[in-house]
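Remarks on the structure that follows.
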Amino acid sequence: MKRLLIALILLGCCAPVPVSAENCFSKMCNEENNDCSDCSCECMVTSRSFLSVRPFFEAASPAKLAIIRKEVQEMRSCMPCDTQCEDSPVPNSSYFQVVPFGGRSMKPERLAQYFGPSCKRVLRVAENPAANPDILANQLNIYTQNGDFESLFCVSPQQTFAGVGFNYRKHFGYKDQNKGVFFDITIPVYYVRNVMRLQEDILNTGGGPLNDQVAGCVTQAFKQPTWCYGRIDDDCDTKHIGISEIDLQLGYGWGREQAYMHSYLGVLIPTGNKVKGRKVFEPIIGWDHHMGVHFGSSLGIQVWKSACGERSIWYELAIDSRYFFENKQVRSFDLKNKPWSRYMMVYNDLAQAQEAAALCPGEEGIILGTPGINIFTQLVKVSPRFQRTYNTAFAIDLKYWTLEGGYNFFTRDAECVRLACPWNQVTLQPALKSLLGCGQTDSVQQIGNNYNNANLTPLAGYDSNIITQDQLDFTSAASPASLNQRLYGAVGYSRDHKRVRSVYGLGVEYEFIGDNTNMNRWGAWIKGAVIF
């Protein structure tokens, strides 16, 4: 009776739910053209378990640089003709800016392909291999009464972010020719919410789940309590708030009436959350808790000035290069040449295979196994290596107003991922479980094809199919190299108040990438600053 009640509950949760074509079937890769043959240039990577997202407010980002740069150029320890400089308080040697910001990711179909096993937008799941599914349902621990479950599902990943950036700079020793040392500290506070938005259209319920130990549909499968990692579940742990990192800089700058240049060295202190691997597309604040160092420069050149001197045009350039040190994280990975094999069922060891064989021909012997995601998620060492940002812009100064438009280019190396501890073949002896169960293994099968069970290995041959370290594909656990671009525009207004100057501004930007190695997104910000 208990199993019947649980089965009825699962069946109720997994009843056929119509899927919105607008949300699930993209114009480019709909159900009729689901091979995505005309978007191969956009779908560069698939079957990735983790995505490292660039923070919005950081060195050489438009939200931090725009509007305030011209004001920084005019900062100096002594005002012109100030004969009492040495005996008076130092004017205009510091500034403090507060920048609230927010935005959202775009083009969810590209992120879906990034996390999915192929470039297909919509995936077919079926128990019967004859249905030519993308995923065999039994690999997700879906077993039904009739054995003919079938559904279509998709994900539409989306990130929403907001926060406030705090930035303070203090100049020391700026005299005569307006040059000297400066100290800069940046502390961004972030709110991030990541959702996968899984939607499923169940074509055949298969009569409901076989028992209370299995799932009855894809939606329920990705929330199984037996899965310790890699879950697709928007019911919890979708958001995080905190300080992403603390950026400390020490630099040297000089300025003239028609040009300025500031250069710095800095350290990035991680304060964000750590990668746990429990969910796909988990919300991470900052650069995945990596410690880093960086250096860079900002340059401004006046290219035109009106005769009255109240209007001018400046060319602005900022460059930031950074290196992040290796740290340890929890990541999920596939087997080589087997997309999404991290979700395939395995036998944990020979003892479990023997137990399954002893339970056959009963249903317990067929379904007994270990979720592969629990085995193929391990503590790893992650090295992000180098990243570079270039920001170029033109700023038009109109006495009190400033108009700025620019282009931001960001590039990063692919992450290098390796096991933190060796794959101990004594304690780790998993093998891919055959769909027929009963202790049989199959090293050739894919998550969507069992090759007609032509390669079944009986229990006696278990040792020949044990997974070894050289079969692990750590690329699937790494964020790839990417090239991100931003276009932005900003407007600012400044006024002098005796020995203090106030600056106000707002800006919008659009970040885009030609493939799916990262996300497209829009962002907006407002700025308030005081120079004193």
Whole-percent pair-distance distribution, where bins are 10 Å wide, for the alpha carbons of the stretch 154-249: 12, 25, 20, 14, 11, 8, 5, 3, 0
Cα-Cα over 27 Å, subset of K381/K527; K107/K239; K170/K328; K179/K305; K279/K336: K381/K527; K170/K328
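About the Cα centre of the chain, how large is the charge dipole given +1 on each Lys and Arg Cβ and -1 on each Asp and Glu Cβ? Please answer in debye to the nearest 20.
I would put it at about 1660 debye.
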Total charge dipole magnitude, the stretch 386-448, about the Cα centre, Cβ charges on Lys, Arg, Asp, Glu only, Debye to nearest 20: 100
Footprinting exposure proxy for C308, C228 (fewest neighbouring C-beta atoms within 10 Å first): C308, C228
Convex hull (Cα only) mean projected area of the chain, reported in nm² to one decimal: 27.7
Loop-located trypsin sites (Lys or Arg not before Pro) in the stretch 433-532, at most 13 other Cβ atoms within 10 Å (DSSP): K498, R499
Summed residue charge, Cβ within 11 Å of C217's Cβ, Lys/Arg positive, Asp/Glu negative: -2
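In what order do S61, S476, S502 fall by count of nearby beta-carbon atoms within 10 Å, going from fewest to most?
Listing S61, S476, S502 from fewest to most nearby Cβ atoms yields S502, S476, S61.
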Size of electric dipole in the stretch 313-418: Cβ of Lys, Arg +1 and of Asp, Glu -1, about Cα centre, debye, nearest 20: 380
Positive-pole candidate from P384, Q249, V192, dipole of the chain, charges at beta carbon: Q249
14 Å beta-carbon shell around C228, net charge (K/R +1, D/E -1): +4
Descending principal axes extents, the stretch 131-202, alpha-carbon based, whole Å: 86, 20, 17
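222 nm [θ] for the chain, helices only, -39500 (n - 2.57) per DSSP H run of 4+, per residue, to 500?
-2500 deg cm²/dmol
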For the stretch 390-498, with +1 on Lys and Arg beta carbons and -1 on Asp and Glu, the positive-most of F394, V491, G448 along the dipole: V491
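Coordinate-derived values only; no laboratory data. Just so we're clear, the structure is a prediction, and the values are computed from it rather than from any experiment. Using ideal geometry, Cβ is built from the backbone for each residue, glycine included, and neighbour counts are taken over all protein chains shown.
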